[in-house]
Amino acid sequence: MLAVMLVSCNSVPEGFRQIKPDILKDKIAGGWAGKMIGVTYGAPTEFRAEGRIYSDTISWKPADIKGSIWQDDLYVQLTFLMSMDKFGIDAPSKKFQEMFAKAGYPLWHANMMARKNYFDSIFAPLSGDPRYNIHADDIDFQIEADYIGFMCPGMPRKADEIAGRIGHIMNYGDGVYGGMFVAGLYSAAFFENDISKIILKALGSIPGQSDYAKIVRDVILLHNRFPGDWKAAWKEIQDKWGNVDICGAGDNFNIDAKLNGAFIVIGLLYGEGDPMKTLEITARCGQDSDCNPSNAMAVLGVLKGFSNLPEFMKKGVSDVADSVFINTTYSFNKAVTATYNYATGLIKENGGEVKEKIILVKEQSPEMPPLEVSFPNLVFDKSIPVSDVASWKISGSWDKMLKGKKISSGKYDQLVAARKGSELELTFEGTGISLNGNWVKDGGIAEIFLDGKSDRTADTYYHFSGQEHYNISIWHVFGLQPGKHKVRLMVKGEKRAESAGTNISIDDAIIFRTAPKADETYKFSFE
């Protein structure tokens, strides 16, 4: 009664934030619109600049927003929204994993591994655990957590609770923190107009000791040092953090959540609230440069609200507002309405009030989750291709392959065997290893031995949604004691029922060693 009386007197009860229903819905619409705008703006640049600034012309027009209907940045997370509709917002994470594992679209990286794990009976949270998912720190959850922030206005603690259940389906550690951080950005942007303050509030949603938090603080420091030169800040971040990706170890390709998250923050800080400037800077930072401007623009969308976006952007979204995103039952308009309904429900469940003309959100302080580190002090050492005959011991019936074709002699880049008992053996020195090969429709099962003991089997069948994967980790282990280790792979000549064969393909082994991460050793140029 007291709260109602105070609201009627145009004052806000202590510990609450006030927002009108139409403004809340407008901000949610702005968030979804920002996703659509940003992903289509950056789509032509995606991974065109790896370890460098994208310098080519970016040609984008509002009509391009139609392309968002086919973007995984939208349809994957809308699958999770559909899971909420079917099973409830508090459903076990296995239910969410099941629905997207069985969805009829291709997946990559951590999502792909979570799907594979589901069909290998490895369920959340183990499906995102680094023991079973070498992509644990990848960007996947970061680009799929938007709806969580959109439905948790001013409620970062609730956002983290939902994100913890969903994020561990495909990620762990910094990979989960990426989703928590962007959800925290949206949660704060409903009631805060200062971008710097929004970023600081979102940092409260993740452990301060995490590498993700460290890289965001680095961007803030660099923005203070180079307030008018985003390229100088980018270079310092690239030099310090550009080579700590495990998934893309030894390559300029970097899909690590924290590096791409840093590019979101660079775009937000240097974009200074201007939509086009924010889009351009975020995209030109490179790497996953459709996902990053999509997140950055969605933050501005929540901050400004759909009604305050530039007219040409609003028109581009409105023109496709009733078009259904592929692989889903959702359009933009339907997603906005559903998210608003979830938001008002969560507001009430968390001590707030929803009235016809005013909504009171009970303020929440974020509660940092426990620290998780996917790959502590692990760095790339070298690659050992199977063509390195001095390193690999080969026995049994292995075919030599070159660019996917069987050869009888000469240079080769892959070995393939289907017959039971065929073996490969490698002695290496390091603290981690990944065996790379193929996941294919005729993939079979191999048993992996580490230092003389059976570690686990590797099932290399993959033909979900007609998709196959090449030069991918089929087995990995980290956290070994420093020194020499021996890995032996034995072809079992067995397969799962769906597979068309028992083939095992091996390209190379990636060796890792223990060494300090960049954040512990690197100093900026001005330090």
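Residues checked against (1) over 17 Å from Ser434 (Cα atoms); (2) at pLDDT 95 or above; (3) surrounded by fewer than 19 Cβ atoms within 10 Å (Cβ to Cβ); (4) of a type in the set (Gly, Ala, Ser):
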{"site": "Ser465", "(1), (2), (3), (4)": "yes, no, yes, yes"}
{"site": "Tyr470", "(1), (2), (3), (4)": "no, yes, yes, no"}
{"site": "Trp475", "(1), (2), (3), (4)": "no, yes, no, no"}
{"site": "Phe478", "(1), (2), (3), (4)": "no, yes, no, no"}
{"site": "Pro482", "(1), (2), (3), (4)": "no, yes, yes, no"}
{"site": "Lys486", "(1), (2), (3), (4)": "no, yes, yes, no"}
{"site": "Gly493", "(1), (2), (3), (4)": "yes, yes, yes, yes"}
{"site": "Ser499", "(1), (2), (3), (4)": "yes, yes, no, yes"}
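I'd like the full set of residues that are in a loop (DSSP other than H, G, I, E, B) and farther than 25 Å from Gly430 by Cα, limited to the range 362-382.
Once the filter is applied, which keeps residues that are in a loop (DSSP other than H, G, I, E, B) and farther than 25 Å from Gly430 by Cα, the range 362-382 yields Glu363, Gln364, Ser365, Pro366, Glu367, Met368, Pro369, Pro370, Leu371.
Quick one: would you say Ile474 is under 16 Å from Met401 (Cβ atoms) and either of a type in the set (A, V, I, L, M) or outside the structural domain of Asp129 (by TED's automatic domain parsing) (or both)? So Ile474 passes the test. Considering the conditions (1) free of Cβ contacts under 8 Å to residues at least 24 places away in the same chain; (2) touching a Gly at 6+ places or on another chain (Cβ under 8 Å), Phe263 is excluded by exactly one of them, (1). Taking the numbered list (1) in contact (Cβ under 8 Å) with a residue 60 or more places away in the chain; (2) buried (at least 19 other Cβ atoms within 10 Å of the Cβ) in turn, Tyr461 passes all entries but (1).
Selection within the range 45-67: residues that are in contact with a Phe, Trp or Tyr (Cβ under 8 Å, 6 or more places away or on another chain) and assigned to a helix (DSSP H, G or I). The member of this set that is nearest to Leu309 (Cα to Cα) is Pro62. None of Ala136, Ala124 is crowded, with 17+ Cβ neighbours inside 10 Å, within 21 Å of Ile510 (Cα to Cα) and in contact with a helix residue (DSSP H, G or I) (Cβ under 9 Å, 6 or more places away or on another chain) except Ala136. Can you name the residue in the range 365-408 that is modelled with pLDDT under 95 and of a type in the set (Ser, Thr, Tyr) and is also farthest from the chain's Cα centre (by Cα) among such residues? Among those residues, the one meeting the criterion is Ser408.
For the range 464-503, what are the residues that are more than 22 Å from Cys247 (Cβ to Cβ) and within 30 Å of the chain's Cα centre (by Cα)?
If the condition is that a residue be more than 22 Å from Cys247 (Cβ to Cβ) and within 30 Å of the chain's Cα centre (by Cα), then Gly466, Gln481, Arg496, Glu498, Ser499 are the ones that fit.
Checking each residue in the range 410-424 for being more than 34 Å from the chain's Cα centre (by Cα), surrounded by fewer than 21 Cβ atoms within 10 Å (Cβ to Cβ) and in contact (Cβ under 8 Å) with a residue 60 or more places away in the chain picks out Ala418, Arg419, Lys420, Gly421, Glu423. Among the residues of the range 288-313, the ones that are of a type in the set (A, V, I, L, M, F, W, C), buried (at least 24 other Cβ atoms within 10 Å of the Cβ) and within 9 Å of Lys27 (Cα to Cα) come to 2 in all.
Determine if the range 194-201 includes at least one residue that is within 15 Å of Lys258 (Cα to Cα), touching a residue at least 12 places away in the same chain (Cβ under 8 Å) and either among the acidic types (Asp, Glu) or assigned by TED's automatic domain parsing to the domain that holds Lys258 (or both). Scanning the range 194-201 turns up at least one residue that is within 15 Å of Lys258 (Cα to Cα), touching a residue at least 12 places away in the same chain (Cβ under 8 Å) and either among the acidic types (Asp, Glu) or assigned by TED's automatic domain parsing to the domain that holds Lys258 (or both). Every test in (1) over 28 Å from Gly128 (Cα atoms); (2) modelled with pLDDT of 95 or more; (3) assigned to a loop (DSSP other than H, G, I, E, B) is passed by Ile37 save one, and that test is (3).
Any residue in the range 258-268 that is closer than 22 Å to Val373 by Cα, among the β-branched types (Val, Ile, Thr) and surrounded by fewer than 24 Cβ atoms within 10 Å (Cβ to Cβ)?
No.
Conditions (1) closer than 21 Å to Glu468 by Cβ; (2) free of Cβ contacts under 8 Å to residues at least 24 places away in the same chain, marked per residue:
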| site | (1), (2) |
| --- | --- |
| Ile69 | no, no |
| Gln77 | no, no |
| Met84 | no, no |
| Gly88 | no, yes |
| Ala91 | no, yes |
| Lys95 | no, yes |
| Met99 | no, yes |
| Ala103 | yes, no |
| Asn111 | yes, no |
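Among the numbered conditions (1) farther than 30 Å from Thr431 by Cβ; (2) in contact with a Phe, Trp or Tyr (Cβ under 6 Å, 6 or more places away or on another chain); (3) surrounded by fewer than 24 Cβ atoms within 10 Å (Cβ to Cβ); (4) not hydroxyl-bearing (Ser, Thr, Tyr), the only one that Pro130 does not meet is (1).
The listed residues are Ala159, Ala163, and the only one of them that is in contact with a Phe, Trp or Tyr (Cβ under 9 Å, 6 or more places away or on another chain), in a helix (DSSP H, G or I) and under 30 Å from Trp475 (Cα atoms) turns out to be Ala163. Highlighted here are the strands (runs of 3 or more DSSP E) found entirely within the range 383-461 that include at least 1 residues which are farther than 26 Å from Glu494 by Cβ: 399-402, 405-407, 423-429, 432-439. A single member of Lys406, Lys334 is assigned by TED's automatic domain parsing to the domain that holds Ile246 and either surrounded by fewer than 19 Cβ atoms within 10 Å (Cβ to Cβ) or of a type in the set (Asp, Glu) (or both), and it is Lys334. For the range 338-356, taking the residues that are touching a residue at least 12 places away in the same chain (Cβ under 8 Å) and in contact with a Lys or Arg (Cβ under 7 Å, 6 or more places away or on another chain), the one that is surrounded by the most Cβ atoms within 10 Å (Cβ to Cβ) is identified as Gly352.
Could you please let me know if Glu14 is of a type in the set (Asp, Glu), outside any helix (DSSP H, G or I) and over 19 Å from the mean Cα position of the chain (by Cα)? In short, yes. Of the candidates Ile237, Ile264, Ile215, Ile220, the single residue that is more than 25 Å from His109 (Cβ to Cβ) and touching a Leu at 6+ places or on another chain (Cβ under 9 Å) is Ile220.
Residue-wise test of (1) of a type in the set (Val, Ile, Thr); (2) farther than 24 Å from His109 by Cβ.
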site	(1), (2)
Ala458	no, no
Trp475	no, no
Gly479	no, no
Glu494	no, yes
Gly501	no, yes
Ile504	yes, no
Ser525	no, yes
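The values are calculated or read from the model by the stated rules, or taken from the named source; none is laboratory data. As the structure is a prediction and not an experimental result, all values here were calculated from the model. Backbone-built Cβ (ideal geometry, glycine too); neighbour counts: all protein chains shown.
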